[in-house]
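The values are calculated or read from the model by the stated rules, or taken from the named source; none is laboratory data. Worth saying up front: this structure is predicted, and the values here are computed from it rather than measured. Heads up, the Cβs are rebuilt from the backbone with ideal geometry, glycines too, and the neighbour counts pull from every protein chain shown. Quick note on the areas: whole protein, heavy atoms, side chains included, nothing else; ligands and nucleic acids left out. Shrake-Rupley method; radii C 1.70, N 1.55, O 1.52, S 1.80 Å.
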Protein chains: 2
Amino acid sequence: MDGLGDIPSREHPATPLEAARTPHLDELAREASLGRLLPVGPGITPGSGPGHLALFGYDPIGVQIGRGVLEAVGLDMKLEAGDVAARGNFCTLDPSGIVTDRRAGRIETEKTRVLCARIQTECERLDGVKVVIQPGMSHRFAIVFRGKGLSDEVTDMDPQKEGRAIPPARPLAAGAARTARAANLFSRRVQALLKGESRANAALLRGFSKRPDLPSLTDRFRLKAACVASYPMYRGLARLLGMEILDVTPGGLDGQCVALDRNRDRYTFFYFHWKATDQAGEDGNFEAKVRAIETLDGALPRILEWKPDVVAVTGDHSSPVPLKAHSWHPVPALIWSRWGGGDGQGRFSERTCNSGSLGIFAMKDLMPLLLANALKLKKFGA
Amino acid sequence: MDGLGDIPSREHPATPLEAARTPHLDELAREASLGRLLPVGPGITPGSGPGHLALFGYDPIGVQIGRGVLEAVGLDMKLEAGDVAARGNFCTLDPSGIVTDRRAGRIETEKTRVLCARIQTECERLDGVKVVIQPGMSHRFAIVFRGKGLSDEVTDMDPQKEGRAIPPARPLAAGAARTARAANLFSRRVQALLKGESRANAALLRGFSKRPDLPSLTDRFRLKAACVASYPMYRGLARLLGMEILDVTPGGLDGQCVALDRNRDRYTFFYFHWKATDQAGEDGNFEAKVRAIETLDGALPRILEWKPDVVAVTGDHSSPVPLKAHSWHPVPALIWSRWGGGDGQGRFSERTCNSGSLGIFAMKDLMPLLLANALKLKKFGA
């Protein structure tokens, strides 16, 4: 449950997890061990990238994944070694070149598709650098620069605020001039092509980054892992870690449950992602977060119908309703297995997790615990 | 209490520590601070070596003690710098050289003594390498190779399964050829000598290792430490850390209590080892583990009669009854001292320790806490 953790407030003295009716989580909790996970470190608020990396046992400080790479792989783009990816937004420029809307009035996804196709035809190569673009949701797209000698040490082409011009890409390292030149060429070419458009007449690029060279979950833990997620970014991140991405058509929780059910014998690890909790937290919507938790709880019997050996319920970070944003608060976590040792709590909540047998510990240590609970780890030393 | 930690199960919803009647531990607990110790790290199940190293404040990952060394020092063999020790098993070979019983029908200890004496006479030196062997319990013995230029980087001479031949020792490093040759010579000599034996007609050697160069407890903590343990391996480990080994004749808890009482003014630190809890856990015997805990509890007034300044009660790892093996679960721990700050719990159990003031922390940090409770540590910084 993305952004699961929360905090009480004067308005809501019980957190969403405490307020929610969660009979199935409660049943799990009775035989589970509880604790709280620190995604990165005390006081550090993680983005989705570090949070998920830590959940899957990677050091979220040592391994950093750029926003461009996340976006590109989330849109099913294949990244080759040396490619530089960036995240793109269509935006609106006034005649003097000032950004008046960083999201181009949030144009429809279909419109973005048409524009991207047009741009792709005219921008196959820029100064010898191959360009691949892929439309995303609404006004978003991803772009990949491919060629020899490209670097991701390039500044963002995004003023971050309306009322300013698009800053050109600047190289931050000796070898980055070629990439900056291609990005600036792209920007000018897009503006020339979209001159007639009223809303989407330019593009902002940010998060220039290269695919990190990571060992997969199979390399590290000998797990055959599958991702059951609807949102592109989480699918992309899972792919970077070597998970296979399951088709969740027709989407939503139901699509995810069907995908899990169809594939349950083909993998030894499932990452099941539920986005609604984070959305509600970021919207500051207490009732929606309670509902999101209750909806997931209602689906739990289906998700667990195949009786996995080990179940972990947690989140990649907290997104407290009062903060309307990601936060540093440790995330409640539950591990259920035959060998886990139940803490005997009848509820799964921030407070019950505070006194669980798992303690408050680094999120990246969750995976070793899950493997231990699956009896997949050998004894250390004689 | 070796292997103290445990987990609840459906059959036994209370752990052995929770089920046991422990009036004396409870009394300690009322004024003690509680917590749980992670021997090596989350999810990592330790052998007895790493568990004890951590208990005594050594980094169990950085300091690794080979099985051969543990076995040899446990049998009171003196290890010199450069010696290579290995653990030996008598085994049964069929006429074609296939291992049919890796434990030679678990021959009697007395028989092993006779065979070892015979072998020792015929194997004083092999290719210039001095050989010392020492019989252990049942079919087990320890062997020490002594000479210049020996290395422990030699593969085990143990097929691990019946139905295979004994693999020869192979050098794993440039300087290990001499050791491998001596080990292989030993193996052939033993087979020639024991040709007439029906059960013990060959030997398996494994865990080739050298004595690690460790600072003693006196070097590190200025403690004059004594070991009050009946079992060879724990005595051996304590000796490696510079403890003096007390004579516990006639053995058992009573022998240990007498040894402690006789020596209580001569040391500043006692390691009192109680094995029965681990044995019961490994046997999956719930009632025996409860009894083992109650027996130790009953002896507590005698053990603590001399009123030590600081008392710690814990284990080197968990050995949960449902798992019948060592496990990764954090070990309940109690520290009693005048300055500890009592948590006010009236019970010492996994669950009360979950919410103790010590938290869940690395086992290697227990020693600094004990020293602090003895007011033996100076303030850090101005």
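Brief remarks follow.
- Cα shape, segment A:103-250, gyration tensor, a/c 1.5 rule: oblate
- The orientation-averaged shadow of the Cα convex hull for the protein assembly as shown, equal to a quarter of the hull surface, comes to 40.5 nm².
- In a DSSP loop and with at most 11 other Cβ atoms within 10 Å, the GluC sites (Glu not before Pro) in segment A:60-114 are A:Glu80.
- Computed on segment A:132-219, with alpha-carbon pairs under 8 angstrom and 6+ residues apart, the relative contact order is 25 percent.
- Segment B:1-101 - Rg over Rh from alpha carbon coordinates, Kirkwood radius: 1.13
- Sequence of B:Thr179, A:Thr45 from largest to smallest accessible area, 1.4 Å probe: A:Thr45, B:Thr179
- Of every Cα-Cα pair in segment A:209-339, the percent that sits beyond 20 Å: 51
- Under the criterion of Cα pairs below 8 Å and six or more residues apart, the relative contact order for chain B equals 32 percent.
- The calculated pair-distance distribution of chain B uses every alpha carbon pair, bins of 20 angstrom beginning at 0, and gives 27, 52, 20, 1 percent.
- Cα shape, segment B:1-48, gyration tensor, a/c 1.5 rule: oblate
- Proximal aspartates and glutamates to A:Lys130, defined as alpha-carbon separation beneath 13 angstrom and excluding residues fewer than eight positions away on the same chain: A:Glu80, A:Asp83, A:Glu122
- When the trypsin sites (Lys or Arg not before Pro) in segment A:307-371 are filtered for DSSP coil states and for at most 14 other beta-carbon atoms within 10 Å of their beta-carbon, the remaining sites are A:Lys324.
- Mean separation of Cα pairs under 8 Å and 6 or more residues apart, divided by the residue count, gives segment A:50-104 a relative contact order of 21 percent.
- Other residues with beta-carbon under 10 Å from the beta-carbon of B:Ala54 carry, at +1 per Lys or Arg and -1 per Asp or Glu, a net charge of -2.
- Area accessible to solvent at B:Val311, 1.4 Å probe radius, in Å²: 20
- Sparsely packed trypsin sites (Lys or Arg not before Pro) within segment A:19-63, loop by DSSP, other Cβ within 10 Å at most 12: A:Arg21
- For the pair A:Glu244 and A:Asn354 in one chain, pulling the backbone fully straight at 0.36 nm per residue adds 36.2 nm over the alpha carbon distance.
- Per-residue SASA entry for A:His12, accessible area with 1.4 Å probe, Å² rounded to 10: 40
- Calculated FRET value between A:Gln191 and A:Ile7, using beta carbons and R₀ = 56 Å, to 0.05: 0.80
- Residues A:Lys210, B:Lys376, sorted by accessible area with the largest first, give B:Lys376, A:Lys210 [1.4 Å probe; ligands and nucleic acids excluded].
- 16 Å Cα-Cα reach of B:Lys275 towards aspartates and glutamates, excluding residues that sit fewer than 8 places from it in its own chain: B:Asp2, B:Asp6, B:Asp254, B:Asp283, B:Glu287, B:Glu294, B:Asp297, B:Asp316
- The Cα-based radius of gyration and maximum Cα-Cα distance (Dmax) for segment A:222-268 are 10.2, 31 Å.
- Heavy-atom accessible surface of B:Glu162, to the nearest 10 Å², is about 90 Å², with a 1.4 Å probe and all protein chains retained.
- Here is what passes the span test in chain B: the DSSP H helices with alpha carbon length of 15 Å or more along the helix axis and a Kyte-Doolittle mean of -0.5 or above are B:177-193, B:252-263, B:286-303.
- Share of pairwise Cα separations in segment A:343-382, more than 16 Å, in percent: 52
- Over all other residues within a Cβ to Cβ distance under 13 Å of A:Lys210, the charged ones net out to -2, with Lys and Arg as +1 and Asp and Glu as -1.
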